[in-house]
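Quick notes on the structure that follows.
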Amino acid sequence: REIARSMGGELALLDDLGAIVIIAFFAIVGFCAWKVNQQRASAFAAAADRMGFVDKGSASPFAGSDAAGLTLLTDTMQHVYRNVLVDKRGSLVVVPGFQYVLPVGMMRKGMGAVTDDEMQNHSLVAFRAPHGSLPIFQVYSRGAIGNVGIPVDATAFSGMKTAAGVDTGSPEFSERYVISTKDEAGVARVFTPALVKAFVDQPAMTWLHVQTSADWLLFYDPRILILKPEDVEPALQRVRPIASLLLGARA
């Protein structure tokens, strides 16, 4: 009995030590993540004015505007904005760190339903559109994989759950992209050959996703990662050909 009691005490001590080690590990990881976020926030704040932006910190740039159609915002949860930059005209928004949660039960193409709250991260680029100037549509790349694979016509997202099938007349576009919309006439109007070419000219293996609302033209892609101020301009160069064709000089 004494031996068993002694062994039990030692096992309990080991359990306690293991718990302490685990807690310490996660505390260190959390501190390091906090430190990185602080350093990144300082870098963006210091560079904002030089780049022609105003640093908005963690404020949502979409508050008070019409975001219906931006299902990344409207149909996900627990939004966190980091290092938000707004250009001095108020027409361009860059969100280097946007964090959100996929709701439990949401269906994802080829991946089944979300069974637990899943945290996702993106960098966003958004252009303010004159109210109602764009049709409401989404474009996403075929073959999306991993946790970012959320094709709009196969999810529980409410804003655009409709059969995709707008024909742009370009086999290459159709091979790489799908358009989802309830306004096919409006999409046919804006998807000129030049706009179709701008999508086709995007880098291979992209997962560019474009969403519009009455007030916004929104871009995101796992390959558009804005981790430091010098990443902003390459991200803008990537999407500006499309934005310029949709918004003209405003982009």
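The values are calculated or read from the model by the stated rules, or taken from the named source; none is laboratory data. Source: prediction; values computed, not measured. Counting neighbours? That spans all protein chains shown, and the Cβs are built from the backbone with ideal geometry, glycine included. Remember, those area values only see protein heavy atoms, side chains included, never the ligands or the DNA or RNA. Shrake-Rupley method; radii C 1.70, N 1.55, O 1.52, S 1.80 Å.
Quick look at the values:
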quantity: Which listed residue, of Ala198, Ala185, Ala204, Ala194, is within 28 Å of Asn83 (Cβ to Cβ), open to solvent by 10 Å² or more (accessible area, probe 1.4 Å) and either part of a strand (DSSP E or B) or small (Gly, Ala, Ser) (or both); calculated: Ala198
quantity: Criterion (aliphatic (A, V, I, L, M), farther than 21 Å from Asp215 by Cβ and at pLDDT 70 or above) met by exactly one of Met51, Met7; calculated: Met51
quantity: Pair list, Cβ under 6 Å, 6 or more apart: the stretch 57-69 residue free of Cβ contacts under 8 Å to residues at least 40 places away in the same chain and under 20 Å from Tyr140 (Cβ atoms), other residue open to solvent by less than 50 Å² (accessible area, probe 1.4 Å) and not aromatic (Phe, Trp, Tyr); calculated: none
quantity: Those residues of the stretch 127-148 which are at pLDDT below 95, outside any loop (DSSP other than H, G, I, E, B) and buried (at least 20 other Cβ atoms within 10 Å of the Cβ), in sequence order; calculated: Phe137, Gln138, Val139, Tyr140
quantity: Leu227 in a helix (DSSP H, G or I) and of a type in the set (A, V, I, L, M, F, W, C); calculated: no
quantity: Check on Ile242, at pLDDT 85 or above and either farther than 19 Å from Gln120 by Cα or open to solvent by 20 Å² or more (accessible area, probe 1.4 Å) (or both); calculated: yes
